[in-house]
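The values are calculated or read from the model by the stated rules, or taken from the named source; none is laboratory data. Note that the coordinates shown come from a computational prediction; the quantities given were computed from them, not determined experimentally. In this analysis, Cβ positions are derived from the backbone assuming ideal geometry, glycine residues included, and neighbour counts consider all displayed protein chains.
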Amino acid sequence: MYEPKIIGFLCNWCSYRGADTAGMARMKYPPNVKIIRVPCSGRISPELVLRSFREGADGVILLGCHIGDCHYATGNHRTAKRMPVLKKLMEYTGIEPERLYINWVSAAEGEKFTTVIKEFTETISALPPFVETMK
Amino acid sequence: MTDVVSVLDPHTSHTKREDSILLREVSLRTPGESHVDMCIQCGTCGGSCPSGSAMDHTPRAIFAMLRAGMRDDVLNSNTPWMCVSCYFCTVRCPQNIHITDVMYTLKNMSLEARKPTMPVASPPPTAWGLKNSSIDPKKYNPTAADFSKTFIWMVENFGRSFEIGLAGVHNVRHFITRLPNMTPMAIGMLTKKGMSPLPPKRIKGMDQLGKILQRAKELESS
Amino acid sequence: MKSKKKPQERVGVYICHCGSNIAGVVNVEDVSTWAGKELEKEGVVVARDYKFMCSSLGQELIEKDIKEQGLTRVVVAACSPHLHEPTFRNACSRAGVNPYLFEMTNIREQDSWVTTDKLEATKKAKSLVSAAVGRVVYQKPLESLFVPIDPNVLVVGGGVTGIQAALEIANSGQHVYLVEREPSIGGHMAQFDKTFPTLDCSACILTPKMFDAGNHKNITMLTWSEVEKVEGYIGNFTVTIRKRARFIEESLCTGCGVCWEKCPKKVVDDVFEAGLGYRKAVYTPFPQAVPKYPVIDHENCTYFQKGTCKACEKFCPTGAIKFDQQDEILTVKVGNIILATGYDLFDARKIPNYGYGRLPNVFTSLEFERMTNAAGPTMGKVVLRDGVTQPKSVAVIHCVGSRDKNYHNYCSSICCMQSLKFAHLVKEKTGGDVYQFYIDMRTPGKSYDEFYQKIIHEGVNMIRGKVAEIIEGEGGLIVQAEDTLVGKQRRIPVDMVILSAGLESRADAKEVAQKFGISCSADDWFIERHPKLDPVATMTDGVFVAGACQGPKDIPASVAQGAAAAARVLSIIGQGEIEIEAATAMVDEITCVGCKQCVASCPYQAIQFLEEKGKAYVQEALCKGCGTCVGTCLPKSITLKHFTDEQIVAEMIGAMRVMKSFEMTEVA
Amino acid sequence: MSDYIFYPGCSMESSAKAYYESVMAVCKPLGIGLKEIEDWNCCGATEYLSLDITPAYALIARNLALAEEQANGNKTIIAPCSACYLNLAKADHYMHDDKAFGNKINEALAAGGMHYTPGKLAVRHLLDVIINEVGLDKVKENVVKPLAGLRIAPYLGCMLPRPDYGKRYSDTEHPDELDRLLSALGAEVIDFPLKTHCCGGHMTQIGPDTAFEMIHRLISSADALNTDVIVTVCPMCQMNLDAFQGQMNNHFKTNFKIPVLFFTQLMGIAFGEKAESLGFGSEFVSAAEAISRVRVQAPKPAEDAPVAKKKTPGLPMPPLRTKTDHTQEAGR
């Protein structure tokens, strides 16, 4: 059993605060996800996701505001369009598309945040380490 | 000097640990997420219950007793046995507690507490002969449990139930004085409804069903 | 994305114990020693742990180290940056380090509070510190831009909260646009007869405030109006308001009331009279309405629907009726916005077992408020639905739709006191029996519990139990509940039932939140910036919330919030100018290929395309720093300051460095 | 004609033969093909659950496993008895909801060489299928003898609308499905306030006094509303209200005589089927008189019609919630 390394890109306005909400409610989740705060999920370019894998991540989770709730009005619309394409590309190049996960978590949804993190960590744990798949 | 604890009501001497054990046991034995620990004692269940008047404690009180770890009192109560499974409490409960399902669990537990002297898959005795148990047979109304047992005895032997036999056996045992009252109805069942007084034909897969139930019982007790 | 040679920086790392909040789970001493040793090659020269980094002593520690050790970068591992990032940025700034050379990492909300295993938590803290150190060396000093603040203010919602906020601001000499959806300001408070616990007359205390607001030289009142669009940012909002056609020429109308006297069309008034009374098709909701001008409800007006009637026009002495009036679209410039949009009453018809809507003599709290109001549909008489019979016994049911996972999980906070008030009013007006069905009596507040005791003394029957069902029977209604203190089911026959329905967020709360760029909680209440310390601000600078739109509240709390929001706005106006986002995007003109993808992606139209150069250009004052353009730019020509690829990659490498080193030690 | 898997349940073989016959008679014209599960066993009613939870669910699940085996491409099990319907639905729900529990039950089934995939089949009651699959238009097409003038109290009992795991009914306390169906047959449908209250269930056997109390509440309420016939969807409800009406009368010294029929029996009448083929005559309180009125379509005696209350100009009532209200909320 290995400890998967997961990079979590979280929107500063919603999901990062959702993670804070989970903390304030003392909900528990596995420590594998390393959270990187970004102003908006739309900031994350496909290259950054791929770079995470190159630097040794086993999974990448990208959490933004619910569609319609974006702090910047439409930043997350880009995420919603961009990331499914990236997943297809990953599949094409032989990276399991499950290694990238996109969801919307608001500042109030501490519980949803916890569930999402738990489930994603489980998913990634079930996969072999990323470096092994690339051999 | 008298020990302070000894003069207190026995329930107050429960440790917190014991209390939560009972609540957790009920929760674990109920399928799905029963939310039994979430009760806020609002009384919606007790107010909704159509057979509440026949219960010695309202369902709400039972939940409080579970929380207090009052195992014997809960398992001696007739409350679960009076439940008619109308699900009013379940859909109205503001805390989404699956009250009807919890009542089934409590019935299971209540019978289990009497198990050493009680064969299951046969027409059961009317008196329990409980000697080494804290369960008080006098406080306990065995009619309901008995009805369940008679019913199951039929299912386990034929694969199907038949009402007239069931009602007959049951009433002879428990409501012998009501029989004169019942006779016209029984005759009606036979004549008007054309029901047969004989047991139903056994299902073909009786062997298979027996094996399944046997395995299920093992799983239950494990 | 090519990382240049690592800059030589002197980094200070500070680990906060936060009392036992962090130190109780994370081994902070271990983290700081580790950082001092293992991260030395990353530039760490000082690593300390301290009980409370946010205390003045903790801040002084940083300032001292900057001066004495010549730190060029600072990392604090403590709580969420949403709480203390400004604190530490200021500390750095005081000691001469640009605030953007500071990085904060969250080892409380996102580590010690969410991780059970102490070793795991310590390891995660190390990983987070390593990430922050990795990033901070790539951070660049940034200078903030300052923009002037427009002193005008927009207040949305003309209930008691909005009126209070508007008056506070207007009295200080600033101009306020007060927008109200209904024909008159006043809100829910105008509908009530008495207020708890003092039982003073609601109208008597509200109408003077309404009058003041209506006549204030600094308040532009826009009733029968709604905000359509909000653009801009703190200090510089442009707001588009639709002023719906009243079909009344305000400059001519004297409010004499002839029009509604003569109007032949009677309509059930489901807003102000809560469905219990009638109004005409041309109406003011109530006699003391502010402004005094009526509106014509064109959906019900005979002329608009059938083409003939015009009774109002015929009788209007000043010729103020204008059937051809059109909606007006106004654009106003404001610097700050206060939302005070209030609440909706829970729809009691959703609870089938209470029979509201099916059983005539089941009333909601708002209906009963109108019934007891001397100016209401029954002239203040408490009667059954037939309009004449006085009930001999009344049941008041608490927590209708509140504290119930099937409807709303929260406590509506006002219903206990409101129900006790109803009990008093029924007793006073009919002398009948009153039964209060409650789950828990919640009377926190000045003089509230004393009021409860007074009501018990008046002989009200208190039954602790949530009502299971209300059915017709025994010539009236039967209320069935468990009296939980007795442990028995009770069936109590009464003539009338009042449902103390809970408060819920406005049906369009989500839309409104989107319009103003703020967020809603799971129950659709507007979310404040901090539940304790910043209750009226929101995550969007310049937009404030006050009153029941943020959560259930009684009148005193709403008024206090209205005033609080006004104070916050005035303090911003007093500053004259405001710092805006320094982390803006920037185009590298050398690599830009002029594809214009970024122009289309920008939510703020902040990116211009310079035709003559064939390059994109970011207008910094408009850029809000979301970085969507960066994610879109194919040749990677756009950088978002403070969130550059270099910084993000360094952060992730830093984080994973620790995970890797641990794996190795575990294997070894 | 679409096919459904059919689980009749024990009562249909004995006390509720009338239900069985009438179900068969009305399903045909509605295009509902019923394929009975071969060698099904009793669902255990509420009794087995009281005794031993795991075997109880295993007992129910055997039927689900048989149905899955014999499904032949069909996805829906129709159970006409409310208790059977709920038990089957409940087993499916919990096996799906609580994975560990589902595995346990499947482990028991494996002892008999069987398996059920939770969530594979939809368990539905006949009423729900008629309303939501077949549709009332199709029902109306088949009506040749409208039940005009017959005042019916629709009575659903508990286990159909509650807890309603599949969210198939409009409400858990005042659903309108049966009302709409009976209206489509041309009957005069009473807004029966106790339509989902309890019939007494097994209390007739274990605590008759309580049961009589509950039956009395239902029957007297129906009587106060000038009901000609109470219509049920469940053999247990029918039995309790019909067969125990006499004993209840003795207990309370009352003399109610309200016939209690299955909804399919009245559907059959409206569809022009012969009363004999619909199991009429097997009820304790004879429905002959009530039905004869429909057959000759005699107008109702004036004095029986409800006296319209003179409307005084009272306070307005809130409007009733509509279907659109429900759907709009679901969207919120």
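Among the numbered criteria (1) buried (at least 22 other Cβ atoms within 10 Å of the Cβ); (2) within 30 Å of B:Trp81 (Cα to Cα); (3) within 12 Å of chain B (Cβ to nearest Cβ), which single criterion is violated by D:Ala18?
(2)
Condition check: facing chain B (nearest Cβ under 8 Å) and of a type in the set (Gly, Ala, Ser). Does D:Ala45 satisfy that?
For D:Ala45, the condition - facing chain B (nearest Cβ under 8 Å) and of a type in the set (Gly, Ala, Ser) - is met.
Give me the pairs, please: first residue somewhere in region C:442-466 and over 25 Å from B:Gly46 (Cα atoms), second residue anywhere and assigned to a loop (DSSP other than H, G, I, E, B), beta-carbon distance under 6 Å, and either six or more positions apart or on two chains.
C:Ser447/C:Pro197; C:Tyr448/C:Pro197; C:Asp449/C:Thr443; C:Phe451/C:Pro197; C:Tyr452/C:Thr443
Name the residues in region C:109-143 that are part of a helix (DSSP H, G or I), under 10 Å from C:Ala650 (Cα atoms) and not charged (D, E, K, R), would you?
C:Ser130, C:Ala131, C:Ala132, C:Val133, C:Gly134, C:Val136, listed by residue number.
Find the helices (runs of 4 or more DSSP H) located wholly in region C:1-105 whose residues include 3 or more that are within 14 Å of chain A (Cβ to nearest Cβ) and under 20 Å from C:Arg135 (Cβ atoms), and list them.
C:81-94
From the set of residues in region D:182-191 that are within 26 Å of B:Arg92 (Cβ to Cβ) and not acidic (Asp, Glu), which is nearest to the other protein chains (Cβ to nearest Cβ)?
Taking region D:182-191 first, the residues within 26 Å of B:Arg92 (Cβ to Cβ) are D:189-191.
Subset that is not acidic (Asp, Glu): D:189-190.
Details: D:Val189: 15, D:Ile190: 13 Å.
Result: D:Ile190.
Taking into account only those residues within region C:221-252 that are of a type in the set (Asp, Glu) and in a strand (DSSP E or B), which is nearest to C:Tyr604 (Cα to Cα)?
Checked region C:221-252; the qualifying residue nearest to C:Tyr604 (Cα to Cα) is C:Glu231.
Would you pick out the residues in region B:165-185 that are within 27 Å of the chain's Cα centre (by Cα) and more than 9 Å from chain D (Cβ to nearest Cβ)?
Scanning region B:165-185 gives B:Gly165, B:Gly168, B:Val169, B:Val172, B:Arg173, B:Ile176, B:Thr177, B:Leu179.
Collect the residues in region C:41-62 that are within 23 Å of C:Arg89 (Cα to Cα) and more than 37 Å from the chain's Cα centre (by Cα), keeping them in residue-number order.
C:Glu42, C:Gly43, C:Val44, C:Val45, C:Val46, C:Ala47, C:Arg48, C:Asp49, C:Leu61
Tell me yes or no: at least one residue of region A:90-98 is in contact with a Pro (Cβ under 6 Å, 6 or more places away or on another chain) and part of a helix (DSSP H, G or I).
Within region A:90-98 (the criterion being in contact with a Pro (Cβ under 6 Å, 6 or more places away or on another chain) and part of a helix (DSSP H, G or I)), the answer is yes, since at least one residue qualifies.
Please go through (1) more than 8 Å from every other protein chain (Cβ to nearest Cβ); (2) over 27 Å from C:Val114 (Cα atoms) for A:Arg78 and return the number of the only condition it doesn't satisfy.
It fails just one condition, (1).
Would you check which residues across region C:443-477 are of a type in the set (D, E, K, R), farther than 23 Å from C:Gly401 by Cβ and either in a loop (DSSP other than H, G, I, E, B) or touching a Phe, Trp or Tyr at 6+ places or on another chain (Cβ under 7 Å) (or both) and list them?
Matches in region C:443-477: C:Lys446, C:Glu458, C:Glu474.
Which members of region C:581-638 meet the condition of being in contact with a Pro (Cβ under 7 Å, 6 or more places away or on another chain) and of a type outside the set (A, V, I, L, M, F, W, C)?
Across region C:581-638, the qualifying residues are C:Thr591, C:Gly625, C:Gly627, C:Thr628.
Would region C:295-309 turn up any residue that is surrounded by 18 or more Cβ atoms within 10 Å (Cβ to Cβ), among the polar types (S, T, N, Q) and either without any contact (Cβ under 8 Å) to a residue 60 or more places away in the chain or assigned by TED's automatic domain parsing to the domain that holds C:Arg349 (or both)?
The answer is yes; a qualifying residue exists.
Restricting attention to region C:590-610, which residues are modelled with pLDDT of 90 or more and in a loop (DSSP other than H, G, I, E, B)?
If the condition is that a residue be modelled with pLDDT of 90 or more and in a loop (DSSP other than H, G, I, E, B), then C:Ile590, C:Thr591, C:Cys592, C:Val593, C:Gly594, C:Cys595, C:Lys596 are the ones that fit.
So that you can scan it fast, the table gives a plain yes or no per residue for (1) aliphatic (A, V, I, L, M); (2) within 11 Å of another protein chain (Cβ to nearest Cβ); (3) within 27 Å of C:Gly401 (Cα to Cα):
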residue: B:Gly47; (1), (2), (3): no, yes, yes
residue: B:Asp56; (1), (2), (3): no, yes, no
residue: B:Ala68; (1), (2), (3): yes, no, no
residue: B:Val74; (1), (2), (3): yes, no, no
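Check D:Met95 against each of (1) within 23 Å of D:Val23 (Cβ to Cβ); (2) more than 7 Å from chain B (Cβ to nearest Cβ); (3) not β-branched (Val, Ile, Thr) and name the one condition it does not meet.
Only one criterion in (1) within 23 Å of D:Val23 (Cβ to Cβ); (2) more than 7 Å from chain B (Cβ to nearest Cβ); (3) not β-branched (Val, Ile, Thr) is unmet by D:Met95, namely (1).
Taking C:Asp440 and the conditions (1) crowded, with 19+ Cβ neighbours inside 10 Å; (2) touching a strand residue (DSSP E or B) at 6+ places or on another chain (Cβ under 9 Å); (3) of a type outside the set (Ser, Thr, Tyr), which numbered condition does it fall short on, given that it satisfies the others?
For C:Asp440, the exception is condition (1).
Can B:Leu209 be described as modelled with pLDDT of 75 or more and either in a helix (DSSP H, G or I) or within 30 Å of D:Ala61 (Cβ to Cβ) (or both)?
Criteria met by B:Leu209.
Could you list, in sequence order, the residues of region A:14-44 that are facing chain C (nearest Cβ under 7 Å) and either more than 29 Å from C:Ala513 (Cβ to Cβ) or of a type in the set (A, V, I, L, M) (or both)?
Scanning region A:14-44 gives A:Ala19, A:Ala22, A:Met24, A:Met27, A:Lys28, A:Pro31, A:Lys34, A:Ile35, A:Ile36, A:Val38, A:Ile44.
From the residues in region C:326-335 that are crowded, with 18+ Cβ neighbours inside 10 Å and either free of Cβ contacts under 8 Å to residues at least 12 places away in the same chain or among the aliphatic types (A, V, I, L, M) (or both), which one is nearest to C:Lys266 (Cα to Cα)?
C:Val332
Among the residues of region A:48-62, which ones are closer than 12 Å to C:Asp645 by Cα and either facing another protein chain (nearest Cβ under 7 Å) or in contact with a Pro (Cβ under 7 Å, 6 or more places away or on another chain) (or both)?
A:Leu48, A:Arg51, A:Ser52
Only one of (1) outside any strand (DSSP E or B); (2) over 30 Å from C:Gln619 (Cβ atoms); (3) in contact with a Leu (Cβ under 8 Å, 6 or more places away or on another chain) is not met by C:Gly562, so which one is it?
(3)
Do we find a residue being without any contact (Cβ under 8 Å) to a residue 12 or more places away in the chain, at negative phi and of a type in the set (Lys, Arg) anywhere in region C:312-325?
Within region C:312-325 (the criterion being without any contact (Cβ under 8 Å) to a residue 12 or more places away in the chain, at negative phi and of a type in the set (Lys, Arg)), the answer is no, since none of the residues qualifies.
If I ask for residues that are part of a loop (DSSP other than H, G, I, E, B), among the polar types (S, T, N, Q) and away from chain B (no Cβ under 14 Å), which ones from region C:371-414 would you list?
Matches in region C:371-414: C:Asn373, C:Thr378, C:Thr389, C:Gln390, C:Ser413.
Yes or no: B:Lys193 within 7 Å of chain D (Cβ to nearest Cβ), charged (D, E, K, R), surrounded by 16 or more Cβ atoms within 10 Å (Cβ to Cβ) and closer than 20 Å to B:Gly165 by Cβ?
yes
Restricting attention to region C:195-219, which residues are in a strand (DSSP E or B) and crowded, with 18+ Cβ neighbours inside 10 Å?
Selection gives C:Thr195, C:Ile219.
I need the full set of residues from region C:357-370 which are facing chain D (nearest Cβ under 7 Å) and either in contact (Cβ under 8 Å) with a residue 24 or more places away in the chain or within 28 Å of the chain's Cα centre (by Cα) (or both), in order please.
Answer for region C:357-370, where residues must be facing chain D (nearest Cβ under 7 Å) and either in contact (Cβ under 8 Å) with a residue 24 or more places away in the chain or within 28 Å of the chain's Cα centre (by Cα) (or both): just C:Pro360.
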